[in-house]
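Please treat every number below as a calculation from the coordinates, not as lab data. All of these numbers come straight from a predicted model, not from anything done at the bench. Cβ: placed from backbone, ideal geometry, glycine included. Neighbour counts: every protein chain shown.
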Amino acid sequence: MNYDINHYRSLFPLIKNGLTYLDHAAIGPFPTPVRDAVYAYTRKKSETEPNVYLDFLKVVVESKGRIGKLINAPKERIAFTDNTTNGMNILAAGLEWKTGDRILLSDIEFPANVVPFLNQKRHGVEIDFVKSRNGQILLEDIERAITSETRLLSISHVQFLHGFRSDLTYVGALCRKKGIIFSVDAIQSAGVIPIDVEAMSIDFLSCGCQKWLMTPEGTAFIYVSEAIQEKIRPAYLGWTSMRDFFSDFFRYRIDPDPTARRYENSTLNVAGIYGLNASLGILQEVGIANIESHLASLTQLAMDHLTEKKMELLTPREPACRAGIVTFRPRNSQELFEKLKAEKISVSLREGCIRISPHFYNTPDEMEKALSIIEQSL
């Protein structure tokens, strides 16, 4: 391990309160720097300076720079929104569709990466679904599903239930070769495994920040490449979408900013972005590669134990095909979930399965504690 885990564990008061938190794929806790950043903002608003706008603009720029480093993108290509779904809606509703266009998705996506595209069927668009095999989306099946009418492919980097991790470099290269727009839902990967939008040929990316990025709900970001921005005609625009929006208020105009800020229509989630900036500072201090390596170790521990106990695993066994999620189907999922909860161990109950999702500050001892209770329930 290349970081002092005990130092970072001290940033999570829930540990002192006896909680073993292994549910980051559902929602992330606030480390103290995130809590303190949000509190400092609200206290300032309440006690000394209600109008913090100019200070906030500096945090916006800093946060976009940190997001840029997270995904290898210029900060000008980043915009804030409120959730993954509305990020996807910017793309889905902004493209000019024609009858016969096809969109390619998979059959194990979270609805946030499906519904915005299904909504385009009213424009005559057809939706195709790649059928997964044992919780995995095989590259050959993606390639086989592409037709001459396929205009866009959208996929989650890591699938929410099975934890399957797609090879985005391969998929992106395939889309680039075929002239297909490549869209990614990164809510289950950003902050825990490396993302490189250039190397992966990603045109558009949407990511809510309330899970692995441990940020207040209602905070999300999108990445929009310059090339795809030229193809998007925003369904919604607001006064802050405009170039030089804070000057000459009565010069009503449609003059979108040349950067991705054009997709920020009005007031942003100020408290959420303060929290996000603090969280990104922590994660990048630890190092995303270090986090990926630590989670690989923890998830392998869980996989080995569950395999030994002959549990039905939904998560792929190959380390390269997973990130921070381990999901299995016990015979008594509800009972086991309640047992873990009674022992102050937080996991998710999804589709009759138990989903475990540790983070960089969790230890092997915590994982062993959860696995011991699982074993006792057999």
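One table, with the values for the structure above:
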quantity: Glu368 paired with Ser247, simple spin-label distance in nm, labels 7 Å along Cα-to-beta-carbon; calculated: 6.4
quantity: Straight-distance crosslink candidates among aspartates and glutamates, where the alpha carbon sits under 13 Å from Lys44 and sequence neighbours closer than 8 are dropped; calculated: Asp36, Asp55
quantity: Scattering curve values for the chain, log₁₀ I(q)/I(0), Debye with Cα scatterers, q = 0.11, 0.12 Å⁻¹; calculated: -0.80, -0.94
quantity: Förster radius 56 Å - calculated FRET efficiency between Ile127 and Lys44 (Cβ-Cβ, nearest 0.05); calculated: 0.75
quantity: Cα centroid of the range 27-53 to Cα centroid of the range 200-235, whole Å; calculated: 24
quantity: Distant-in-sequence amide H partners of Thr81 (H built 1.01 Å from N, under 5 Å); calculated: Ala220, Phe221, Ile222
quantity: Two-site FRET efficiency, Gln300 against Asp196, from Cβ-Cβ distance with R₀ of 35 Å, rounded to 0.05; calculated: 0.90
quantity: Positive dipole terminus of the chain, leading residue within Ser225, Leu306, Thr240 (C-beta point charges); calculated: Thr240
quantity: Given Lys75/Lys121; Lys98/Lys231; Lys64/Lys98; Lys131/Lys309; Lys309/Lys369; Lys64/Lys211, the pairs whose alpha carbons are separated by over 22 Å; calculated: Lys75/Lys121; Lys64/Lys98; Lys131/Lys309
quantity: Cβ crowding within 10 Å averaged over residues, with 246-257, 362-373, 83-94 ranked highest first; calculated: 83-94, 362-373, 246-257
quantity: The range 166-211: chymotrypsin sites (Phe, Trp or Tyr not before Pro) falling in loop per DSSP and having at most 13 other Cβ within 10 Å; calculated: none
quantity: Cα-based reach from Lys341 at 19 Å (exclusive), listing aspartates and glutamates while leaving out same-chain residues under 8 positions away; calculated: Asp23, Glu351, Asp365, Glu366, Glu368, Glu375
quantity: The chain - mean residue ellipticity at 222 nm from DSSP helices (-39,500 (n - 2.57) per run, n ≥ 4, rounded to 500); calculated: -11500 deg cm²/dmol
quantity: Neighbour net charge for Asn72 - beta-carbon separation under 13 angstrom, K R +1, D E -1; calculated: +2
quantity: Most to least packed among 45-55, 311-321, 23-33, 262-272 [average Cβ atoms within 10 Å]; calculated: 23-33, 262-272, 311-321, 45-55
quantity: Cβ-placed point charges (K, R +1; D, E -1), dipole of the chain about Cα centre in debye, nearest 20; calculated: 400
quantity: Inter-centroid distance (Cα atoms) of the range 71-150 relative to the range 332-362, Å; calculated: 30
quantity: Packing rank of 125-136, 275-286, where each peptide gets the mean count of other beta carbons within 10 Å, highest leading; calculated: 275-286, 125-136
quantity: Size descriptor, Kirkwood hydrodynamic radius, that averages inverse alpha-carbon separations across the range 174-259, Å; calculated: 15.2
quantity: Simple label model, 7 Å out from Cα along Cβ direction - Lys98 to Glu226, nm; calculated: 2.7
